[in-house]
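Let me begin by presenting the structure, written as structure tokens, before commenting on it.
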Amino acid sequence: MDNKKERIIHAAMDVFTEKGLEKTKVSDIVKKAGIAQGTFYIYFSSKLSVIPSIAEVMVEKTLNEIIKKVNKNDPFSDQMKEVIDVAFSVTKEYRQIFALVYAGLASTDYLQEWEALYSQYYTWMSRFLSQAKEAGTLRQNLDPDQTAVLLIDLIESAAEQTFLYSHGDKDMEAIKKKEVWEFSMYGLGVKLNHKEQ
């Protein structure tokens, strides 16, 4: 990504977090980014047009963390726990940014870009599921592409409910993660031994 564009995106994240979506002006973003206002308009048409790029940064951050944390040598059920843990921890750490992204996307015409923003995450999850299916760990009639989208939506929705729409207490976080994991294992057709349940 272009250095100036990246500076604008990160400045927008900071300013939106500090001032909120409504009160932020393009002039605040460019001041924080240390660029001329005209430069902003080379990359973005308005302050809201930065939102999909912020969403893309958050998706990349989540996926990079998952790739770093998931140990391919662990059993699939443990790998799935890691995926869920990472999604929850990134959402928790960046809850204000996620709240802004959803508010911004809802108030603009960028919702149709959602699929494109998530494409690399969906692709990774689909490959992850395909490998487990080929290894005989998942049910054989599973559609990895469609299930990848459903699974990511489930995990992210549960994480958002925990941290964006409530206070995210430790008990609720643990319960939601456990339920998402068990629901996933059941839906994917993973046979668990009694120790894992």
Problem - When residues of the stretch 1-34 are limited to those that are hydroxyl-bearing (Ser, Thr, Tyr) and free of Cβ contacts under 8 Å to residues at least 40 places away in the same chain, the one least open to solvent (accessible area, probe 1.4 Å) - result: Thr24
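To keep it simple, each residue is scored yes or no on (1) open to solvent by less than 50 Å² (accessible area, probe 1.4 Å); (2) in contact with a strand residue (DSSP E or B) (Cβ under 9 Å, 6 or more places away or on another chain); (3) part of a helix (DSSP H, G or I); (4) among the hydrophobic types (A, V, I, L, M, F, W, C).
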residue	(1), (2), (3), (4)
Asn71	no, no, no, no
Glu82	no, no, yes, no
Phe98	yes, no, yes, yes
Gln120	no, no, yes, no
Phe128	yes, no, yes, yes
Thr147	yes, no, yes, no
Lys177	yes, no, yes, no
Practice task
Determine which member of the set Phe128, Phe98, Phe88 is over 16 Å from Phe16 (Cβ atoms), under 12 Å from the mean Cα position of the chain (by Cα) and aromatic (Phe, Trp, Tyr).
Solution key: Phe88
Handout entry: Whichever residue in the stretch 130-145 is surrounded by fewer than 19 Cβ atoms within 10 Å (Cβ to Cβ) and small (Gly, Ala, Ser) and, among such residues, is nearest to Val59 (Cα to Cα)
Key = Ser130
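The values are calculated or read from the model by the stated rules, or taken from the named source; none is laboratory data. All values derive from a computational prediction rather than experimental measurement. As a convention, Cβ positions derive from the backbone with ideal geometry for all residues, glycine included, and neighbour counts pool all protein chains shown. Surface areas here come from the heavy atoms of the whole protein model, side chains and all, with no ligands, DNA or RNA. Shrake-Rupley method; radii C 1.70, N 1.55, O 1.52, S 1.80 Å.
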